[in-house]
Amino acid sequence: MSQRDMAETIGTPFRTYCKIESGERDLKASELAIVLKHCGIDANWFLFGTGHKEKTAHGN
């Protein structure tokens, strides 16, 4: 996925996404949630290390 594609996926302008990548701007929680969902990663696993890495059909 390109930077432009990811910017579009999280609903932010490309320049803003570049600032996120370079550390000039923090990723908002809502943007992180979109990235995790798009990548199929369980938020509980990512944030707390609990559950399974891959999101299951039951939403774990």
* Can you confirm whether the stretch 12-21 contains a residue that is among the basic types (K, R), at pLDDT 95 or above and under 12 Å from the mean Cα position of the chain (by Cα)? => no
* Residues being among the aromatic types (F, W, Y) and under 12 Å from the mean Cα position of the chain (by Cα) - total across the stretch 22-55 -> 1
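So if I check each of M1, M6, which one is surrounded by 14 or more Cβ atoms within 10 Å (Cβ to Cβ) and aliphatic (A, V, I, L, M)? Steps first, please.
Working: M1 fails: surrounded by 14 or more Cβ atoms within 10 Å (Cβ to Cβ).
Going through M1, M6 in turn, the sole match is M6.
The values are calculated or read from the model by the stated rules, or taken from the named source; none is laboratory data. What you see is a predicted model, and the numbers here were worked out from it, not measured in a lab. No Cβ is skipped: glycine too gets one built from the backbone with ideal geometry, and neighbour counts run over all protein chains shown.
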